[in-house]
Amino acid sequence: MILARYVAIRYLRAFLLLAGVFLAILLLIDMVEQIRRFADNGISIGGAARLSALSVAGSFYNILPLIGLLAGIMLFLNLSRSSEMVAIRASGRSGLRTVMAPAVMAALIGVAAVALLNPMVAATETHYSAAVARIESGASTVSLGEDAVWLRQGMGDDGGQMMIRAARTSPDATTLYDASFIIYDPETGPKTRIEAQQATLSGGEWHLTEVKEWTLDAPNPEAEAHQLDQLQLPTELTADRIRDGFGSPQAIPIWELPAYIAGLKRAGFSALRHQVWMQMELALPLTLAAMVMIASVFTMRHMRGRKTGGLVLGAFAAGLALFFLRNMAQVLGDNAGVPPSLAGWAPPIVGILFAVGILLQLEDG
C-alpha cells in the first residue's frame with residue numbers, strides 16, 4: 001500500500017502541474033479571442049479577462065482526458081529515468097498491478113471533476129452567456145418551465161418584444177401547440193395578446209391557426225377581441241435558434257440534468273443530446289483511468305537504450321485516438337447513430353481492454 005500510495009501521489013502531482021500549465025495557456029489564448037471578438041464593443045483588458053475566466057472553464061474541462069494522458073506519460077517517464085520502475089519491477093510487482101495505483105487516482109480525479117468541477121463549469125457557462133447577451137443586443141432566449149416552453153424575441157429596432165408560451169412543441173421545434181403570443185411596446189408595455197391552437201414556423205413567419213386576438217390597450221379587450229382562422233406573425237427565430245436557445249448540455253449541472261431531460265421530453269423536444277452528455281460525464285472517471293493505462297503501455301519500461309521519443313509519441317497518438325473516438329461516439333449518439341449509454345461507456349472500455357491486452361502480452365513476453 002505504501003508503494004501504491006507513492007505512485008498515486010506522484011501521478012496527482014504531475015496532473016496538477018500540467019493542469020495549471022494548460023489552464024494558464026488557455027486563459028491567455030481566450031483573452032486574445034475575447035478582445036478580437038468584442039473589439040467593436042469597446043471591451044477593456046479587464047473585461048476580456050473576466051469573460052475569459054468564465055469561458056475558459058469549459059475548454060479546460062473538455063481536455064481533462066488529454067491532461068490525464070500527459071500526466072501518465074510524465075509519471076512513467078520519471079519513474080523509468082530514475083530507475084524507480086526497475087526497482088518496482090524487481091520487487092516482483094507485475095506491470096498491471098503497478099499501473100492500478102495511478103489509474104485509480106485518475107478515476108478519483110474524474111469523480112471529483114464530475115461532482116465538483118461540472119457544476120462550476122455549468123455556472124460559468126451560464127454567467128458567460130449572460131455577459132455576452134448584455135454586450136450583444138437583440139439576442140433571443142428560450143427557457144423551459146414546469147409545464148410550458150417560453151420564448152422571447154425582439155420586434156425590430158424600436159425595442160419591442162414578443163413573448164411566446166406554448167404547452168408543448170414538436171421535436172424539430174417548428175410547431176407550437178396551445179401557443180400564446182404577447183407583444184410588448186417598449187413604452188406602454190403589453191399591447192396585444194394572441195392565442196392560437198397551433199403555430200408553425202416557416203419562411204420567417206409564425207403561421208397561426210384558430211386564432212383569437214385581444215387589443216390590451218382597449219377599454220374592454222374581451223369585447224373587442226376577434227377570432228381568425230389564420231394569422232401570420234413575422235419572426236427572426238429559426239428552428240435551429242430555438243433548439244440552440246436551450247444552450248449546451250454542459251451549461252446544466254450534472255445533478256440537475258435528469259430533471260432537465262424529463263422536462264425536455266414533457267415539452268416535446270428531443271433530449272438525446274443531453275442524455276448522451278450525461279452518459280459521457282458519468283463515464284469520465286473511467287476515461288481518465290483508460291488514458292493512464294494507455295500511457296503505461298508505451299512508457300512503463302526501462303528507457304535507457306530505447307527510443308524514448310518514439311515511445312512517447314506512440315503513447316500520445318494512442319491516447320489521442322481514444323480522445324477522438326470518444327468525440328466521434330458523442331457525435332454518433334447526438335445523431336441517434338448509437339444509444340446514449342453505448343456512446344458514453346464504449347470508448348473508455350475499449351481503451352482499457354486495449355491497454356490490459358498489451359500489458360498482459362508484455363508480461364507473458
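The values are calculated or read from the model by the stated rules, or taken from the named source; none is laboratory data. Note that the structure is predicted; figures quoted are calculated from it, not measured. Because the Cβ atoms are built from the backbone with ideal geometry, glycine has one as well, and the counts that use them run over all protein chains shown. Only protein heavy atoms, including side chains, enter the accessible area calculation; ligands, DNA and RNA are left aside. Shrake-Rupley method; radii C 1.70, N 1.55, O 1.52, S 1.80 Å.
The residues listed here are LEU96, LEU26, LEU12; of these, the one that is surrounded by fewer than 20 Cβ atoms within 10 Å (Cβ to Cβ), modelled with pLDDT of 95 or more and at negative phi is LEU12. Among residues of region 278-301 that are at negative phi, those with a Cβ under 8 angstrom from a residue that is open to solvent by less than 10 Å² (accessible area, probe 1.4 Å) and among the hydroxyl-bearing types (Ser, Thr, Tyr), sequence gap 6+ or separate chain, pair up as VAL292/TYR11; SER296/THR98; THR299/SER80; MET300/SER80; MET300/THR98; ARG301/SER80. Cβ-Cβ distances below 8 Å connect the following pairs, each with a first residue in region 24-36 that is in contact (Cβ under 8 Å) with a residue 24 or more places away in the chain, a second residue that is open to solvent by less than 60 Å² (accessible area, probe 1.4 Å) and polar (S, T, N, Q), and a separation of six or more residues or different chains: LEU26/SER59; LEU27/SER52; ASP30/SER52; ASP30/SER55; ASP30/SER59.
Scan region 308-328 for residues that are touching a residue at least 40 places away in the same chain (Cβ under 8 Å) and closer than 21 Å to LEU282 by Cα and the total you get is 5. Taking every residue in region 221-235 that is over 16 Å from ILE182 (Cβ atoms) and pairing it with any residue that is among the aliphatic types (A, V, I, L, M) and modelled with pLDDT under 90, at least 6 positions away or on another chain, the pairs with Cβ-Cβ distances below 8 Å are GLU224/ALA218. All of (1) touching a residue at least 12 places away in the same chain (Cβ under 8 Å); (2) under 22 Å from the mean Cα position of the chain (by Cα) hold for GLY20 with one exception: (1).
Selection of region 30-70 for residues being more than 23 Å from the chain's Cα centre (by Cα) and either at pLDDT 85 or above or surrounded by 15 or more Cβ atoms within 10 Å (Cβ to Cβ) (or both) yields ILE35, PHE38, ILE43, GLY47.
The set of residues in region 106-127 being open to solvent by 40 Å² or more (accessible area, probe 1.4 Å) and of a type in the set (A, V, I, L, M) consists of LEU108, VAL111, ALA112, LEU116, LEU117, MET120, ALA123. Among the residues in region 316-327, are any open to solvent by 40 Å² or more (accessible area, probe 1.4 Å), under 17 Å from the mean Cα position of the chain (by Cα), at pLDDT 85 or above and of a type in the set (A, V, I, L, M)? Yes, region 316-327 contains a residue that is open to solvent by 40 Å² or more (accessible area, probe 1.4 Å), under 17 Å from the mean Cα position of the chain (by Cα), at pLDDT 85 or above and of a type in the set (A, V, I, L, M).
Pairing each residue of region 150-161 that is at positive phi with any residue that is at pLDDT 65 or above and not acidic (Asp, Glu), provided the two are 6+ apart or on different chains, yields C-beta distances under 8 Å for GLY159/PRO186. Can you confirm whether LEU286 is crowded, with 16+ Cβ neighbours inside 10 Å and at pLDDT below 90? No: the conditions fail for LEU286.
Applying the set (1) under 29 Å from ILE254 (Cβ atoms); (2) open to solvent by 40 Å² or more (accessible area, probe 1.4 Å); (3) at pLDDT below 85 to SER82 leaves exactly one unmet item: (1). Among the residues making up region 213-225, those that are under 20 Å from ARG152 (Cβ atoms) and either in contact with a Gly (Cβ under 8 Å, 6 or more places away or on another chain) or modelled with pLDDT of 85 or more (or both) are GLU213, TRP214. Residue count for region 188-212, restricted to those that are more than 39 Å from the chain's Cα centre (by Cα) and closer than 19 Å to GLN153 by Cα: 2. Restricting MET293, MET303 to residues that are modelled with pLDDT of 85 or more, within 28 Å of GLY92 (Cβ to Cβ) and open to solvent by less than 40 Å² (accessible area, probe 1.4 Å) narrows the list to MET293.
Of the residues screened, LEU360 is not one that is out of contact with any Cys (no Cβ under 6 Å at 6 or more places or on another chain) and either within 30 Å of ASN118 (Cβ to Cβ) or without any contact (Cβ under 8 Å) to a residue 40 or more places away in the chain (or both).
Does THR308 satisfy being at pLDDT below 85 and not aromatic (Phe, Trp, Tyr)? The answer is yes for THR308. For LEU75, the stated conditions hold: it is under 28 Å from GLU363 (Cα atoms), open to solvent by less than 10 Å² (accessible area, probe 1.4 Å) and at pLDDT below 95.
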